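Written below as structure tokens is the structure these notes are about.
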Amino acid sequence: MNRNIAGQWWPATLALPLAVAGLSTMPMAAWAQGTVATGARIDTGDTTWMLLSTILVLMMTIPGLALFYCGMVRKKNVLATMMQSFALCCVITMVWFVAGYSLAFTNGNAFIGDLSRAFLSGMGETWDKPFILGAGSGNEVASTIPEAAFIMFQMSFAIITPAVITGAFADRMKFSALLVLMVLWSLLIYAPLTHWVWAPTGWLNQMGLADFAGGTVVEINSGISGLVIAVMIGRRLGYGQENMAPFNLAYAVIGAALLWVGWMGFNAGSAGAAGGRAAMAMLATQMAAAGAAASWILAEWLERGKPTVLGAISGAVAGLVGITPACGYVMPGPALLIGLVAGLVCFWAVTHLKTKLGYDDTLDVFGVHGVGGMIGMLATGVLAYGPLSGTTEHPEGTVFAGLPQLGTQAIGVLTTIVFAGVGTFILVKITDALVGLRVTSEEEREGLDEVLHGERIV
């Protein structure tokens with residue numbers, strides 16, 4: 001026998017466990033009571049743009065990141081690397097459904113949401129109504145899209161962030177360890193940080209942190225977490241001694257191109273509507289990607305005598321990362337400047353800092369995403385153009401460049417570094433104790449495709 005709980009059909013046997021766990025079984029109409037203005041309607045244009053943006057961001061993981069990463073590892077690990085992105089797309093979707101979304105975006109308190117929307121309970125009542133983030137918090141953010149569109153868009157972010165991290169430890173982690181670690185990480189690192197930055201009740205949001213599309217939540221978070229895991233799992237066998245050249249740079253170029261195009265949805269979609277700010281965010285994204293690719297190519301050309309394909313695509317991604325937090329706050333000229341700087345600094349981080357410190361971040365997650373995210377976050381405090389974020393109705397949301405905003409940005413950067421670093425360290429220890437972290441030396445030499453999945457590229 002089934003019963004209707006919060007607008008969804010669940011087996012009756014789930015009712016008691018849900019109640020014991022403290023999960024809300026009230027319809028969403030009660031959760032959102034009084035939050036939908038009379039006459040408010042979903043805007044089909046805005047909804048269309050958000051659905052398209054979601055598709056673009058999902059494309060960034062599968063196939064974009066999967067191709068980008070698999071093209072840069074050795075032949076014996078290509079399938080295992082692609083499998084990481086594909087499997088995380090499946091697993092994190094379910095994690096987001098069960099608890100991730102609720103922990104990230106319900107009001108809760110300043111540090112974490114609650115479980116009132118676990119299992120996406122309540123959607124049956126207001127699925128066709130405009131969504132209001134933070135309803136009842138006193139700091140509501142109204143939109144012209146349905147909640148399902150918001151959930152899917154944010155889910156695509158939750159999927160790609162742990163997928164990005166996998167590049168730091170490519171070639172050597174157990175598949176079971178990957179699944180355990182990333183489920184824990186998504187619930188205990190990603191969801192709380194998302195709440196701090198993007199939920200109206202989050203403490204960094206209340207402080208006035210400006211992070212348009214994920215400089216902290218996605219980029220610095222994944223970069224620092226990836227660095228911690230890479231250091232803790234140790235270097236690849238033969239690192240610095242054996243030839244570890246990419247298997248197929250053509251795959252990587254195709255992946256990078258899909259990332260570049262998909263990033264338009266990632267950044268411009270974060271406007272939440274089809275309007276002037278989304279258009280400016282898209283233009284800023286293009287300018288930064290082009291600038292960073294050009295500056296990386298030039299730096300490599302001057303230092304090593306030849307511009308490489310790998311350098312060009314790495315530079316473009318560095319620019320896309322750098323502009324991510326700033327794209328909704330800066331004009332095209334400053335966006336180009338952010339890209340130029342991100343390309344140069346990330347090139348230095350990947351080619352000099354990494355060598356000096358001696359860590360083996362396989363696909364340079366920290367050097368590109370971590371460093372690039374820091375550049376973009378701090379640059380927002382220096383280059384933000386107020387009219388892009390301020391409105392006549394809500395002038396308190398305006399982000400102006402200056403020392404106060406730069407200070408807030410710095411707090412956000414430092415907080416993310418500490419939280420992601422310490423939290424990931426603890427979760428790696430837990431994962432290692434539960435299932436072990438790394439494949440054996442013999443398995444690593446044979447290759448993860450055959451060892452973990454019983455398949456190989458001929």
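The values are calculated or read from the model by the stated rules, or taken from the named source; none is laboratory data. These figures come from a predicted structure and were not determined experimentally. Positions of Cβ are backbone-derived with ideal geometry, glycine not excepted, and every protein chain shown enters the neighbour counts.
When you check V458 against the structure, is it without any contact (Cβ under 8 Å) to a residue 60 or more places away in the chain, out of contact with any Cys (no Cβ under 9 Å at 6 or more places or on another chain), exposed (fewer than 14 other Cβ atoms within 10 Å of the Cβ) and over 19 Å from M232 (Cα atoms), yes or no?
So V458 passes the test.
Does region 219-231 include one or more residues that are at pLDDT 95 or above and within 30 Å of G122 (Cβ to Cβ)?
Yes, region 219-231 contains a residue that is at pLDDT 95 or above and within 30 Å of G122 (Cβ to Cβ).
Restricting attention to region 293-350, which residues are of a type in the set (S, T, Y) and free of Cβ contacts under 8 Å to residues at least 12 places away in the same chain?
Selection gives T308 alone.
I'd like to check something: does region 118-135 contain any residue that is in a loop (DSSP other than H, G, I, E, B) and among the aromatic types (F, W, Y)?
Checked against the condition, which is being in a loop (DSSP other than H, G, I, E, B) and among the aromatic types (F, W, Y), region 118-135 yields at least one hit.
So which residues in region 47-78 are farther than 20 Å from F266 by Cα and crowded, with 20+ Cβ neighbours inside 10 Å, if there are any at all?
Result: C70, G71, M72, V73, N77, V78.
Would you point out the residue of region 232-246, among those that are part of a loop (DSSP other than H, G, I, E, B) and under 26 Å from the mean Cα position of the chain (by Cα), that is modelled with the lowest pLDDT?
Going through the qualifying residues, I end up with P246.
Do we find a residue being assigned to a loop (DSSP other than H, G, I, E, B) and more than 15 Å from I159 (Cβ to Cβ) anywhere in region 97-106?
yes
Yes or no, residue by residue, for (1) out of contact with any Phe, Trp or Tyr (no Cβ under 9 Å at 6 or more places or on another chain); (2) outside any helix (DSSP H, G or I):
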| residue | (1), (2) |
| --- | --- |
| C346 | no, no |
| L363 | no, yes |
| V371 | no, no |
| I375 | yes, no |
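Regarding F97, is this residue closer than 23 Å to V439 by Cβ and either buried (at least 21 other Cβ atoms within 10 Å of the Cβ) or modelled with pLDDT of 95 or more (or both)?
No: the conditions fail for F97.
Restricting to region 431-456, count the residues that are more than 12 Å from A177 (Cβ to Cβ) and in a loop (DSSP other than H, G, I, E, B).
5
If I filter region 410-421 for residues that are within 21 Å of the chain's Cα centre (by Cα) and farther than 17 Å from I189 by Cβ, do I get at least one hit?
Scanning region 410-421, I find at least one residue that is within 21 Å of the chain's Cα centre (by Cα) and farther than 17 Å from I189 by Cβ, so the answer is yes.
Scan region 435-447 and give yes if some residue there is under 27 Å from Y239 (Cα atoms), without any contact (Cβ under 8 Å) to a residue 12 or more places away in the chain and of a type in the set (D, E), otherwise no.
yes
Could you check V141 against (1) modelled with pLDDT of 95 or more; (2) farther than 22 Å from V435 by Cβ and say which number it fails?
It fails just one condition, (1).
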